[in-house]
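Bear in mind that the values in this text are calculations on the coordinates, not laboratory data. In this text, all values refer to a predicted model and were calculated from it rather than measured experimentally. Cβ placement follows ideal geometry from the backbone for every residue including glycine, while neighbour counts extend to all protein chains displayed.
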Amino acid sequence: MNTTFGALIAAAALAAALAWGPAGAESAGAAPAGAAPPSASSESQADVEYIEYTGNASARHAQSLLYGEHHFLVYRAGRLSERLVLYTCPSGTAFARKHVNYVASQAPDFVFDDASNGMQEGVRTQNGGRSVFFRPNRIEPEKSAPLPVVTELVVDAGFDELIRAQWSKLMTDAPLPLHFLVPSRLQALSFDVQHLRSDRVDGRPAEVFRLQLSGLLGLVLPGIEVTYDSAEHVLVRFEGISDLRDRSGDNFQASIVFHVSDRRPGSAQSFATAGQAPIAPCH
């Protein structure tokens, strides 16, 4: 795989990663990937909060629905602990699922499983060590490697936690360097994230940031624009290449919209149901 193609994959990897939760919440450790969903009987309900929200991905500069996202978040003692995401066909049936465990706020464990093509990827903690893994389809074997040890490592949905933690620094408009994990390459690539401008979404003040590869490649390859609500610091819009693919195998060019007003209370039951829901290719 050449460097340019790998760079495009790195940009695409962020699409499925971005999501948001209650404003000001901090991330914390959780059970390793593959753990059972939280049990209402085993935890004090006063210390556990469930949040749900949805988003729709449409083709850029068009209104046609590409897919939907249904997010289920678990907060323990006010700190983000787990996340489940169901990716749904326009018909409403689920074709992919992601389970995130925040063993580290910006570098969580996660498993992403796409039934449309058999692709699986993620980060797992096992036997005291952490590794990144990738399987391109149902035929080829999984490949894995130790999780890279680099400065400011960001893994999947950990990008959201980076934005919230570094909000004040980003609002100075100076670029912030980071290393974003690309499971398909089993390595982390260098990116910069930078504040671009202020905007309004759903009548609310918002801030737009651009994530792009560092160095010369960042000048010739498209970046990704993400917009966060100014008050809540939550993602409200994503514009760029999606990690999900169409039937021909090409990455979607997507615009994904989330509404702050859509955030609502969830439950242990809905979280468990999402974790066990069947996934199948869209028809």
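Among the trypsin sites (Lys or Arg not before Pro) in the range 83-152, those located in a DSSP loop and surrounded by at most 12 other Cβ atoms within 10 Å of their own Cβ are Arg138. Of the peptides 182-189, 99-106, the order by per-residue mean of other Cβ atoms within 10 Å, starting with the highest, comes out as 99-106, 182-189. Cβ-to-Cβ counts within 10 Å put Leu216, Leu80, Leu153 in ascending order as Leu216, Leu153, Leu80, the fewest first. A cut-off under 12 angstrom between Cβ atoms defines the neighbours of Leu170, and their net charge, with Lys, Arg +1 and Asp, Glu -1, is 0. The ranking of Ser168, Ser255 by Cβ neighbour count inside 10 Å, starting from the fewest, reads Ser168, Ser255.
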